[in-house]
Amino acid sequence: MSDTRRCVVIPAVKKNAVIPDQLVKRLAGVTLIQRAIDTAKALAPGDDIVVVTDSQEIALICERNGVRHVCNPGLHLATLDIVRELRGVLEDLARSYGHIVIYRASCPLLTADDIEDAYATFLREGADCLVTVKSVRHRVWEKRNGGLDALLSQDETEPSIYVESKALVMLDASALTRGEVRKVVPYFLNDRAIEINSYQDWWICEKLLCRKHIVFVVAGYPAIGMGHIFRALMLAHEVADHRITFLCTRESELAASNIAARDYRTRVQQGDDLAADVLSLRPDLVINDILNTDADYVGRLREAGVRVVNFEDEGPGAHLADLVVNALYEEKVDDPRFLHGHRFFCLRDEFVNGVRNDYRDPVRCVLVTFGGTDHSDFSRGTLDAIEPLCRERGITIRLVAGPGYAHKDAMQEHVERLGSPLVEFTYATNVMSRMMEGADLAICSAGRTVYELAHMRVPAIVMAHHEREGRHTFARGRNGFAYLGVMEHFDGAKLTRVFTQLLDAGNRRRLFDRQARFDFIRNKADVVRRITALLDDTPAPENA
């Protein structure tokens, strides 16, 4: 016996199948037995793989795949103890191998990487046996005297209960020869521990195996705001049929923490080569929400056979992407891959059932919000400019700051010093639609908020933080907004003058009426449909 050799044993007994011909039926395009053989061949050469079966059909599949088999037409697994059921075969193999890996074809989600990781645990622990288990949080009962008795105490300090998964058993050959197993270690496989024991399990496994991998490459930090993050999260919520990973650019620590808090798999760019970091995740589709991209970056993704969708991209890389969604830019591009303008603005779900405002006079509530970061602190300047007039007229000020607002503590102290019951300060709200409900007028920056305001029918005074925001031309008078231009230095006097004008019923009514035609509820479904359609026809790598 060689202690360094291992053998992979695949039980494939047709009589024990839950679904007729389960082992030779195609699951996501590949039969269960073929999938198991392919996985095993990633672990060991064909001579070190043994399929134990009762089926001539499966024996033939083994021959054609160049793997060994033991065929016994009378074989039937009578118990759940696979080691006992296959003891004769295992003892024969123990003469030639130091370790035996029993791998069940009925667990198709298991990968070669999973098995290698389990094997490393088996070696590290110096175990006689490793079994795959899943932890469960159920109350366990026993039927006794016509009733139920709890088998376990309800004390939360009681140890967890583990249920064996049929996926893997690993054995040290010496334990078989001496007939004694001294040390058994668990390997937790909760995410991929689904065993096919029913048609429902089959359907679930097929759905999971057919999933594609979507990587969102996002940026979010004070200089560019958090809007890219919020949009990417919104889209991720819509593609539950696929695996999602977020990759944040190096400077986007704020974005990474925000995304990870929502339980998405999150990574941060490690080196200077963003494309290399993205490709290391092996995506089928990449959605870039990082502003302008360059041709080299997008070109490398396309050469690897990855579909590419870019948002708010006016860089050289945009022309290489499969789809570009520039909802914030109204300029038309003569290319069907470019979706531009407010028809493609994706409204967050919380606004779908939001109560749109009716016109009322006089103004009772003003909303002040400058996005997720407001790095120029327009919030403070705006509050100081309009608060005296609002106090005089009894107008409530709803001041809402995003999660990246760096002046939170100073603003709270300032509001307390004002001592006005009419000023409400809210930080990092998750219900922006509620903040807009009941607002008669708003003051904001020129980002995505203006579309939400138009949908909720809130006329607004808009100040752009920078030139790029200034090119978001939806925020103009024709759509119900008073645009003050790019405000590199806050101009409180100009704001106060326009604010006073919009307190006049006639001026504000004209803006309100221009917003009546907007309804963005259906836009998101259209954009998501176009994105996911790209996954239905994933190209082969150009250098394949």
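The values are calculated or read from the model by the stated rules, or taken from the named source; none is laboratory data. As the structure is a computational prediction, the values presented were derived from the model and not from experiment. All Cβ positions, even for glycine, are placed from backbone atoms using ideal geometry, and neighbour counts span all protein chains on display.
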Being in contact (Cβ under 8 Å) with a residue 12 or more places away in the chain and β-branched (Val, Ile, Thr) is the filter; apply it to the stretch 194-217 and report the residue that is farthest from Leu279 (Cα to Cα). Ile196
Of the residues Leu254, Leu274, only one is more than 11 Å from the chain's Cα centre (by Cα), under 15 Å from Gly220 (Cα atoms) and of a type outside the set (Gly, Ala, Ser); which? Leu254
In contact (Cβ under 8 Å) with a residue 12 or more places away in the chain, in the same structural domain as Leu323 (by the TED database) and either assigned to a helix (DSSP H, G or I) or out of contact with any Gly (no Cβ under 6 Å at 6 or more places or on another chain) (or both): which single residue out of Ala240, Ala175, Ala232 fits that description? Ala232
Among (1) hydrophobic (A, V, I, L, M, F, W, C); (2) farther than 22 Å from Phe351 by Cβ; (3) touching a residue at least 40 places away in the same chain (Cβ under 8 Å); (4) touching an Asp or Glu at 6+ places or on another chain (Cβ under 7 Å), Met463 falls short only on (4)
I want to confirm something. Restricting to the stretch 509-534 and keeping residues that are within 14 Å of Leu235 (Cβ to Cβ) and in contact with a strand residue (DSSP E or B) (Cβ under 8 Å, 6 or more places away or on another chain), which single residue is surrounded by the most Cβ atoms within 10 Å (Cβ to Cβ)? Val527
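Matching residues to (1) at pLDDT 90 or above; (2) among the small types (Gly, Ala, Ser); (3) outside the structural domain of Asn326 (by the TED database); (4) not in a loop (DSSP other than H, G, I, E, B):
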{"residue": "Glu156", "(1), (2), (3), (4)": "no, no, yes, no"}
{"residue": "Val181", "(1), (2), (3), (4)": "no, no, yes, no"}
{"residue": "Asp191", "(1), (2), (3), (4)": "no, no, yes, no"}
{"residue": "Asp201", "(1), (2), (3), (4)": "yes, no, yes, yes"}
{"residue": "Phe246", "(1), (2), (3), (4)": "yes, no, no, yes"}
Sole exception among (1) under 27 Å from Cys205 (Cα atoms); (2) within 42 Å of the chain's Cα centre (by Cα); (3) surrounded by 11 or more Cβ atoms within 10 Å (Cβ to Cβ) for Asp128, by number: (1)
Matching residues in the stretch 77-91 (exposed (fewer than 13 other Cβ atoms within 10 Å of the Cβ) and either touching a strand residue (DSSP E or B) at 6+ places or on another chain (Cβ under 7 Å) or more than 23 Å from Thr132 (Cβ to Cβ) (or both)) number 1
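Taking the options Arg337, Arg364, Arg343, name whichever one is touching a Leu at 6+ places or on another chain (Cβ under 9 Å), surrounded by fewer than 17 Cβ atoms within 10 Å (Cβ to Cβ) and charged (D, E, K, R). Outline the logic, then answer.
Values: Arg364 fails: touching a Leu at 6+ places or on another chain (Cβ under 9 Å); Arg343 fails: touching a Leu at 6+ places or on another chain (Cβ under 9 Å).
The match here is Arg337.
Scanning for something among the β-branched types (Val, Ile, Thr) and under 15 Å from Val462 (Cβ atoms), does the stretch 496-504 turn up at least one residue?
Going through the stretch 496-504, the residues among the β-branched types (Val, Ile, Thr) turn out to be 496, 498, 500.
Among the residues that remain, those that are also under 15 Å from Val462 (Cβ atoms) are: 498.
Within the stretch 496-504 (the criterion being among the β-branched types (Val, Ile, Thr) and under 15 Å from Val462 (Cβ atoms)), the answer is yes, since at least one residue qualifies.
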Out of (1) under 24 Å from Glu467 (Cβ atoms); (2) modelled with pLDDT of 95 or more; (3) of a type in the set (Asp, Glu), the odd one out for Glu314 is which? (2)
Would you check if there is a residue in the stretch 136-148 being modelled with pLDDT under 85, outside any loop (DSSP other than H, G, I, E, B) and basic (Lys, Arg)? yes
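Taking the residues in the stretch 78-115 that are charged (D, E, K, R) and in a loop (DSSP other than H, G, I, E, B) as candidates, determine which candidate is modelled with the lowest pLDDT. Spell out the reasoning first.
Here is the first cut: in the stretch 78-115, the ones charged (D, E, K, R) are 81, 84-85, 87, 91-92, 95, 104, 113-114.
Those still in the list that are in a loop (DSSP other than H, G, I, E, B) too: 81, 95, 104.
Details: Asp81: 86, Arg95: 93, Arg104: 95.
Among them, the one singled out is Asp81.
Gly98 - would you say it is free of Cβ contacts under 8 Å to residues at least 40 places away in the same chain and either in contact with a helix residue (DSSP H, G or I) (Cβ under 9 Å, 6 or more places away or on another chain) or not hydroxyl-bearing (Ser, Thr, Tyr) (or both)? Write out each step before concluding.
Details: free of Cβ contacts under 8 Å to residues at least 40 places away in the same chain: no; either in contact with a helix residue (DSSP H, G or I) (Cβ under 9 Å, 6 or more places away or on another chain) or not hydroxyl-bearing (Ser, Thr, Tyr) (or both): yes.
Spelling it out, it is not the case that Gly98 is free of Cβ contacts under 8 Å to residues at least 40 places away in the same chain and either in contact with a helix residue (DSSP H, G or I) (Cβ under 9 Å, 6 or more places away or on another chain) or not hydroxyl-bearing (Ser, Thr, Tyr) (or both).
Take Met435 and tell me if it is in the same structural domain as Ser379 (by the TED database), within 21 Å of Gly381 (Cβ to Cβ) and either crowded, with 19+ Cβ neighbours inside 10 Å or among the basic types (Lys, Arg) (or both).
Numbers: in the same structural domain as Ser379 (by the TED database): yes; within 21 Å of Gly381 (Cβ to Cβ): yes; either crowded, with 19+ Cβ neighbours inside 10 Å or among the basic types (Lys, Arg) (or both): yes.
So Met435 fits the description; yes.
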